[in-house]
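The values are calculated or read from the model by the stated rules, or taken from the named source; none is laboratory data. Quick caveat, the model's predicted, so the values are computed rather than measured. Positions of Cβ are backbone-derived with ideal geometry, glycine not excepted, and every protein chain shown enters the neighbour counts. Just so you know, the surface numbers come from the protein's heavy atoms only, side chains and all, with ligands and any DNA or RNA stripped out. Shrake-Rupley method; radii C 1.70, N 1.55, O 1.52, S 1.80 Å.
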Amino acid sequence: MKAKRSLINLAFGLISQGLIIALGILIPRLLLVNFGSEVNGLLSSIGQIIIYMSLLEAGVGTASLQALYKHVAGSSKENINAILSATSSYYKKTGIYYFICIILLSVIYPLFIDSSIDKMTIMFVILVTGMGGAINFYFQGTFKVFLVAEGKSYIDTSITTLINIVISGLKIIFILKGYNIIAIQTTHFVLMIVQIIIYQIYMKRNYKWLDLKVKPNFDAISQKKSVMVHQISYLIFNNTDVLILTVFTNLKVVSVYVLYNMLFSVLDKVISTVNSSVTFALGQTFHEGKEKFISLYNAYEVCFMSFVFSLFTVAYIFILPFMELYTSGIKDINYIDFWIPTLFVIIKLLVNARATSNNVINIAGHFKKTQNRAILECIINLVFSITLVQFLGIYGVLLGTIAALLYRSIDIVLYANKKILERNAWMTLRRWLTNIVLFSLIVAAAKTVNIYPTSYVSTIMSAISVLAISAVIYVVVNALLDREVYHYTKDIIVKVVQKQKQKRKKAIST
């Protein structure tokens, strides 16, 4: 059942991300052409600030997930309702606080930003962009947490994808029709209300036993404050760069950073979809036995790293050719820079290569025990980024993020392996090093071939070819070095296939 749900989550996630990626790449291009780099930088800057407001959630979601895994695996409806009741109580308060913060931001932000854009326009853009988040927390945050814990994240993915496609479609139409930026951003707010209605209908039809009015179990999510410390760390190395560039440079430089980050974030979303598709299985298996969990974890770590390095190998090879095509005709600032994608790839590899170890920490609930390490990561990032941006500009903030990640990524791997899995961390570090060597060899080989496509079609076709070759190389080499993982993974796939064949035979016979 877990393997099947993981595959369903993965399939739905990848299909939805494919659609969202296509639209997500098109819209910034249209904004740049029709409104210029300053508007693109403004929207990105506002978006990053609004992301920080998710800290108001105070770690409730992750703490609730960790508490739910055990009870979902045991089908304890009473305990599930008690945990979700506590989660709902916190989320409703968060929605109210979020609403107040959006109002304050819309008034204060325009006063401190040096921009040729009208201040009233900025204020209304913040309001219509941010209100969706307040509604999301208040009405549907609890349901999302429950579906993820149950292994049905594909439901959330399907609803979110449908709404995002409609939002993106309307934005494209509004941009081409010449509507102003306020009207374009309003589409998100309106359709968030539609999303809430769909969610409410689904949950009432499929989970009639859910009762958020029972006595809440606040003790079950008592680690939420420690979780929040980790969330602050995560948000800092993901979003501080834009804020620092907004303060110390200008919105055009912000636009350059955001455009590269957008393209790499496309891969982040795909990777996140794969990761979240399996996390529930890891979470439930953790409570079923250590040996069983470690076998599953090893298989996932090897497969996940091969997947991540394959994607970023292709990204690094094709990012500059794609960027030249994407920014053709835009002359207000230069978007082509060799060092920016190099630094971005280092960041993304450090973030994603530690993801599996970080999952172990979250599943085991070691939030409080590792919070001081997360705080140190924040300090390193801020100190280095603010100092280096003065001398190196956009390179400075990227180097600051790398400095923090070098410390924290290694620390996470060491902690997860020694403290939770109770084994030598060399196994994970060796997998890192193996994939880094393969990455370097494939990139070097690509340079000797001189791959440099000159159209979108040729770029996509070349990228697919290189991805296929790279994936085979990573999978084969990692399988040879981890024979036990190879056999374990093969057995799981064979069992899933056999079960599906048996179900088909039964269906035909009946």
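Values computed for the structure shown
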{"read-out": "Peptides ranked, highest mean first, by Cβ atoms within 10 Å: ranges 106-112, 261-267", "value": "261-267, 106-112"}
{"read-out": "Descending semi-axes in Å of the stretch 33-179, equivalent ellipsoid built from Cα gyration tensor", "value": "35, 19, 11"}
{"read-out": "Around Leu405: net Lys/Arg minus Asp/Glu count, Cβ-Cβ under 9 Å", "value": "+1"}
{"read-out": "Most to least packed among 82-91, 295-304, 405-414 [average Cβ atoms within 10 Å]", "value": "82-91, 295-304, 405-414"}
{"read-out": "Burial order of peptide ranges 40-49, 333-342 (average beta-carbon count within 10 Å, highest first)", "value": "40-49, 333-342"}
{"read-out": "Cα-based equivalent ellipsoid, the stretch 134-222: semi-axes from gyration tensor eigenvalues, Å", "value": "32, 14, 11"}
{"read-out": "Normalised contact order of the chain, rounded percent, pairs of Cα under 8 Å and 6 or more residues apart", "value": "20"}
{"read-out": "Share of Cα-Cα pairs in the stretch 316-370 lying beyond 13 Å, as whole percent", "value": "70"}
{"read-out": "Convex hull of the stretch 380-510 built on C-alpha atoms - directionally averaged projected area, nm²", "value": "14.7"}
{"read-out": "Carbon and sulfur %, accessible surface of the stretch 245-299 computed with the full protein complex present, 1.4 Å", "value": "58"}
{"read-out": "Magnitude of the charge dipole, the chain, Cβ model with Lys/Arg +1 and Asp/Glu -1, debye to 20", "value": "2020"}
{"read-out": "At least 18 Å along the helix axis (C-alpha) and Kyte average at least 1.0, DSSP helices within the chain", "value": "2-35, 119-139, 153-177, 181-206, 251-286, 290-326, 339-353, 371-392, 394-415, 426-449, 456-481"}
{"read-out": "Long-range tail of P(r) for the chain (Cα pairs > 40 Å, %)", "value": "22"}
